[in-house]
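Q: Okay, here's the structure, questions in a sec.
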Amino acid sequence: MRSRVKSKKARVKTYSIVLLIILAGVGGFGLFLMIHSNDTRQMKETANNFIDILENKEYEKLGSVLEKQSYTSADYTLEDVIDKYDAIFNGVDIDNIQASKIKFEKVNDKKLEFSFRLNFTTPLGSLENLEYHTQMIKTDDDYKVKWDPSLIFPGMEGKDKVVFHYWKAERGEITDHLGNGLAINEEFKEAGIVPKDLPQESKNEKSFQEISQQFNIPVKEIHQKLNQGWVDDDLFVPLKIIESDEAKVIPGISYRNVKLRYYPLKEAAAHLIGYVGKVTKEDLDRNPHFSEGDIIGKAGLERALDKELRGKDGGEILIVDENGEKKQEIQTLEKMDGKTIKLTIDNYIQVEAFKHLKGKPGATVVMDPKEGGLYAVVSSPSFDPNKMAQGISQQDYDKYTNDENKPFISRFATGYAPGSTFKTITSSIGLDAKVTYPNKVRKINGLSWKKDKTWGGYSVTRVSDVQNVDMRKALIYSDNIYFAQEAIEMGEKTFKNGLNQFIFGEKLDLPIAMKPAQISNQPTFNSEILLADTAYGQGELLISPIQQASMYSVFQNAGKVVYPRLLDDQGKRKTKSAITSSTANEMKDRLEEVVSDPNGTAHLLYNHQFRLAAKTGTAELKMQQGEKGDENSFLLAFDVENDHFLLLSLVEHYSPGSSATQLNKSFIEELYEYFQMR
């Protein structure tokens, strides 16, 4: 009995010892798990902090995550490491840094392999999946990142550096159809002052006075430039861009070479070609591909064709050793210079067209009537685009903006009532509609006419009191009443159907901002008065000189409208049938008579040496019937024999002696001579 009790006690004791051992083992394993879990948390926290520092470029925080001995043994201080990251990632302008595929692999109790990948954007584009490898080292119960230069860029070591070479694309040039430059890249001199080089006598303003007179810059402006915050004694302070042959030796003035955009035709092609300038904040906000300091097209074709002209910049990012020797290529992007764009414009015709407007507000368009190529697209008055591209002074800019003739308006692309030149279209529609006949006579008495009492106080007026008027006389004398009566006989439906065969409402395939040609403000006239006024080129018609030239090309193309072209490589010409070939030929003959007949409004242009067809016109701008309004003068003229050219010219605010016909008489003669020599 006693022995059984004793045996039972022994078993209980044994169980207790085993239980204690088990409990101790469980406790030790839990402690191990707790310690291991704490290590993992610390390691991941340090790794995540390091990744956050890289992604956010907060390099000043690197001291909290880097193992000190790793960078000091590589002969770096913490400040060196921070400065190196900052110089490379901010200096090269690297952004959008994102980490991925972060991995850990245990080496031993105090080391773990740590790897990750980085994607980011450089000025040359995206760099993806750059692989980084290092270790996490446990020091003082905390994990730190073992650092070496390869954690900046894989492959870097020692005192290696990263260099960025930027290759600026050269802007493509714009030429005429013969290769003559219209917008070119030219070497210039930039005049400036290095303050330490100013002679002593500058203190009494003598030098500043000389500099002011030489470069036409007020002394006050020179002082303002020299007092800018960034100016230092040995820094070059730009004053003015000048042509290379204008650089003269002046005490205190230094020069440096610069390559800039230059416009050889100056004012003669300013509205068409436009100009370039530095990007503004608005430009940067509008287009994320622009960078500060970029030169872009600001107006005209420079703006419309900017993408093709600008090309694409390139460059290379390299790892070099401390002596600058190339070790590894990180990224390369070949530059693509801008495309050279050839226009249908003819340099000589463009200049002469502008010259003959003599500064009057107006426009001239000269077109190849067979192929549609625009030889000249001129607006007057104008401005010097070189001043705009090189940095226009406030004084010059104010002079332009305060000019009542508005030199910044592109008149060749502005809609006008075309006046009597439009009677050629009305005649053509009437002939095709079998309402108008060449010999059909209308008996008209007096210089004014109205249909009936429903017109109230409104009447159509004319200049010449010719009683028996057929189509031939109506064109020669430019009789408003005849064409008003013809349109009313046709009726709105027939007349409108005829007009719609032309290019009204169409957007032309030209890199020129221009509203489509308009017949009227509303879809229908809703008024016989408006129908009558439209017939002789007034009413609510709005047609730009370019659009007019295109419409009038029907007479040299058997009734087909030839669409205007400006780019020389635009391919096959585009046409549209508008009137019959018989009507086109009839109109050509009648318009030749407008020049040859002594009573013709274009007889001033008559020259027995060549065959010219023409139609003059005036569009009167007035607020009410009976008052004398301002007048715009128009001229349509084209070569009958060889179809070498079609000209449409406009002069605003016509005054005696300065009509479009008078201003273009010698120009037309020059055109004939020029085409004979070609």
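Q: For segment 242-336, state which trypsin sites (Lys or Arg not before Pro) are in a DSSP loop and have at most 16 other beta carbons lying within 10 Å of their beta carbon.
A: Of the trypsin sites (Lys or Arg not before Pro), the ones in loops of segment 242-336 whose Cβ has at most 16 other Cβ atoms within 10 Å are Lys248, Lys335.
Q: A further question follows. Which one of Thr280, Gly311, Ile341 is farthest out on the positive end of the charge dipole of segment 273-343, using unit charges on Cβ (Lys, Arg +1; Asp, Glu -1) and the Cα centre as origin?
A: Toward the positive end, the furthest listed residue is Ile341.
Q: Let me ask something else about it. What is the distance in Å between the Cα centres of segment 201-260 and segment 524-600?
A: Cα centroid of segment 201-260 versus Cα centroid of segment 524-600: 56 Å apart.
Q: Let me ask you something else. Taking amide H positions as placed in the peptide plane 1.01 Å from N, state which residues far from Val237 in sequence (5 or more) or on other chains have amide H under 5 Å from it.
A: When sequence neighbours closer than 5 places are left aside, the close amide H contacts are Ile193, Val194.
Q: Also, I was wondering about something else. From the phi angles alone, apply the Karplus equation (6.51, -1.76, 1.60; θ = phi - 60°) to segment 438-448 and give each ³J(HN,Hα) in whole Hz, x where the residue is Gly or Pro.
A: Residue by residue, segment 438-448 yields x, 9, 6, 9, 10, 8, 10, 10, x, 9, 9 Hz.
Q: Taking the Cα centre of segment 190-256 as origin, sum charge times position over the Cβ atoms of Lys and Arg (+1) and Asp and Glu (-1), and report the length of that vector in debye to the nearest 20.
A: Approximately 180 debye in magnitude.
Q: Once you list every other residue whose beta carbon is under 13 Å from the beta carbon of Ile51, what net charge do they have if Lys and Arg are +1 and Asp and Glu are -1?
A: Surrounding charge for Ile51 is +2.
Q: So what is the 222 nm mean residue ellipticity for the chain from helices alone, if each DSSP H run of at least 4 adds -39500 (n - 2.57) and you divide by all residues, rounding to the nearest 500 deg cm²/dmol?
A: Result for the chain, helices only: -9500 deg cm²/dmol.
Q: Over 18 Å between C-alpha atoms is what I'm after, so list which of Lys61/Lys84; Lys103/Lys146; Lys161/Lys327; Lys370/Lys434; Lys146/Lys326 land there.
A: Lys370/Lys434; Lys146/Lys326
Q: Using the charge dipole of segment 187-244 (Lys, Arg: +1 at Cβ; Asp, Glu: -1 at Cβ; taken about the Cα centre), state which of Val194, Ile222, Phe236 has its Cα farthest towards the positive end.
A: Looking along the dipole axis, the top candidate is Ile222.
Q: While we're on this one: For Cα pairs less than 8 Å apart in space and 6+ apart in sequence, what is the mean separation divided by the residue count of the chain, i.e. the relative contact order in percent?
A: Relative CO of the chain lands at 10 percent.
Q: Please report, in debye to the nearest 20, how large the charge dipole of the chain is about its Cα centre when each Lys and Arg carries +1 at its beta carbon and each Asp and Glu carries -1 there.
A: 3320
Q: Looking at segment 44-128, which trypsin sites (Lys or Arg not before Pro) are in a loop (DSSP not H, G, I, E or B) and have at most 16 other Cβ atoms within 10 Å?
A: Lys57, Lys110
Q: If you don't mind, another one. Please report the orientation-averaged projected area of the chain, defined via the convex hull of its C-alpha atoms, in nm².
A: For the chain, averaging the hull's shadow over all directions gives 54.8 nm².
Q: Shifting gears a bit: Once amide H atoms are built 1.01 Å from N in the peptide plane, which residues 5 or more positions from Gln328, or in another chain, come under 5 Å H to H?
A: Hits under the 5 Å cutoff: Ile319.
Q: Another question, if that's okay. Within segment 457-537, report the GluC sites (Glu not before Pro) that DSSP leaves as loop and that have at most 16 other Cβ atoms within 10 Å.
A: Passing both the DSSP loop test and the Cβ count: Glu506.
Q: A further question follows. Bin by bin, in steps of 20 Å, what percent of the Cα pairs in segment 347-677 do you find, going until the bin that has the longest distance?
A: Bin by bin from 0 Å, the calculated values are 32, 58, 9, 0.
Q: Using θ = phi - 60° and the Karplus form 6.51 cos²θ - 1.76 cosθ + 1.60, what ³J(HN,Hα) does each residue of segment 297-302 get, whole Hz, x for Gly and Pro?
A: x, 10, 7, x, 5, 4
Q: Hey, which of these cross-link pairs are over 24 Å Cα-Cα: Lys220/Lys240; Lys358/Lys406; Lys159/Lys335; Lys248/Lys278?
A: Table pairs above 24 Å Cα-Cα are Lys159/Lys335; Lys248/Lys278.
Q: With θ taken as phi - 60° and the coefficients 6.51, -1.76 and 1.60, list the Karplus ³J(HN,Hα) couplings across segment 57-74 in order, rounded to whole Hz; mark glycine and proline as x.
A: Each residue of segment 57-74 in turn: 6, 9, 5, 5, 8, 4, x, 7, 10, 9, 6, 4, 5, 5, 8, 5, 5, 8 Hz.
Q: How many angstrom lie between the C-alpha centres of segment 270-341 and segment 464-480?
A: 61
Q: About the Cα centre of segment 347-677, how large is the charge dipole given +1 on each Lys and Arg Cβ and -1 on each Asp and Glu Cβ? Please answer in debye to the nearest 20.
A: 680
Read the figures in this text as sums done on the coordinates, not as results from a lab. What you are looking at is a predicted structure, and each value in this text was computed from that prediction instead of being measured. So basically every Cβ, Gly included, is an ideal-geometry build from the backbone, and we count neighbours across all protein chains shown.
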